[in-house]
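Let me begin by presenting the structure, written as structure tokens, before commenting on it.
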Amino acid sequence: MKNIAIFASGTGSNATKIVAHLKNHASIKVALIISNKATAPVLQMAATNNIPTLLLHRQDFYNTENLLTNLAEYKIDFIALAGFLWLIPPYLVQAFENKIANIHPALLPKYGGKGMYGMNVHKAVHANKEKESGITIHFVNEHYDEGNIIFQASCPIDPQDDPSIIQKQVLVLEHQYFPTIIESLLLM
Ligand code: GRF
């Protein structure tokens, strides 16, 4: 059985789709859901699905390697970042080289990097009058949104589409592809 940990900071709609997609899977299990926000709805989703959770504290996360012990306890093989807003520290990138995937709501390398998350991305895409946007699923390294790209999917943008319309169209792609891409990476 391959065990996945999902890291999320907020709503967790991507995490919810991943959990649903892998429910009763023969060889892959969402073994742990981790958040940096005690009030994140994703933790409620975890409880509803009887998935263990872990709350991160910034000091511990960046100044100790205690998390590696927790991940080992749950025999975690792979990490999916599903709306996780903290930069992944070097010890974790190194311990899980090419085993951490992130989903970014834009077509990297454009519209990536520090501060480019959520609506900030879609507002920038809209301001630049882009004709398309989309998603990028990539391996994680020590820099925001710069790891090797695994998969991209795009969607057209009409001139009258405002940032919230763009966000909705991109979120559909996230939900459609992140679960199946994660599954394919674990089955390789
Ligand atoms: C999504 O837009 C995702 O691309 C980005 O953070 C957001 C997560 O949304 N990384 P949710 O918490 O999964 O609903």
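Every number in this text was worked out from the coordinates using simple rules, so none of it is lab data. Quantities reported herein were computed from a predicted structural model and do not represent experimental measurements. Note: ideal-geometry Cβ built from the backbone for every residue, glycine included; neighbour counts use all protein chains shown.
Checking every one of the GluC sites (Glu not before Pro) in region 1-99 against DSSP loop status and a limit of 14 other Cβ atoms within 10 Å picks out 65, 97.
Among 45, 119, the order by Cβ neighbours within 10 angstrom, fewest to most, reads 119, 45. For region 94-171 versus region 38-66, the spacing of their alpha-carbon centroids is 24 Å.
Residues of region 142-158 with an amide N closer than 12 Å to a point placed 7 Å from the Cα of residue 123 along the Cα-to-Cβ direction: none.
Computed from Cα positions, the angle between helix 163-187 and the longest principal axis of the chain comes to roughly 40 degrees. Note on region 2-187: dipole from Cβ charges, positive end direction compared against 44, 18, 150; the farthest Cα belongs to 44. If you bin all the Cα-Cα distances of region 117-188 at 10 Å, starting from zero, the percentages per bin are 19, 46, 29, 7, 0. Kirkwood analysis of region 25-127, using all unique Cα-Cα pairs, places the hydrodynamic radius at 15.4 Å. Only Cα pairs under 8 Å and 6+ residues apart enter the sum, and on that basis the relative contact order of the chain stands at 21 percent. So how strong a dipole does the chain carry about its Cα centre when Lys and Arg Cβ are +1 and Asp and Glu Cβ are -1, to the nearest 20 debye? Value, rounded to 20: 280 debye. In region 4-61, the ratio of gyration radius to Kirkwood radius, Rg to Rh, stands at 0.97 when only Cα atoms are counted.
What the Cβ-Cβ distance of residue 23 and residue 87 gives, at R0 = 30 Å and to the nearest 0.05, is a FRET efficiency of 0.45.
Quick check: net charge around residue 97, other residues with Cβ under 14 Å of its Cβ, Lys/Arg +1 and Asp/Glu -1? Don't jump to the answer; show the numbers that get you there.
On the way: positive: 99; negative: 77, 142.
So the environment of residue 97 carries a net charge of -1.
The share of Cα pairs per 5 Å bin across the chain, counted from zero up to the longest distance, runs 1, 8, 17, 21, 21, 16, 9, 5, 2, 0, 0 percent. For the listed residue pairs 17/99; 2/168; 17/129; 99/123; 99/131, the alpha carbons are over 25 angstrom apart in 2/168; 17/129; 99/123; 99/131. Measure nothing fancy, just the Cα-based angle from helix 13-22's long axis to the longest principal axis of the chain, in degrees from 0 to 90, nearest 10. Once rounded, the angle reads 60 degrees.
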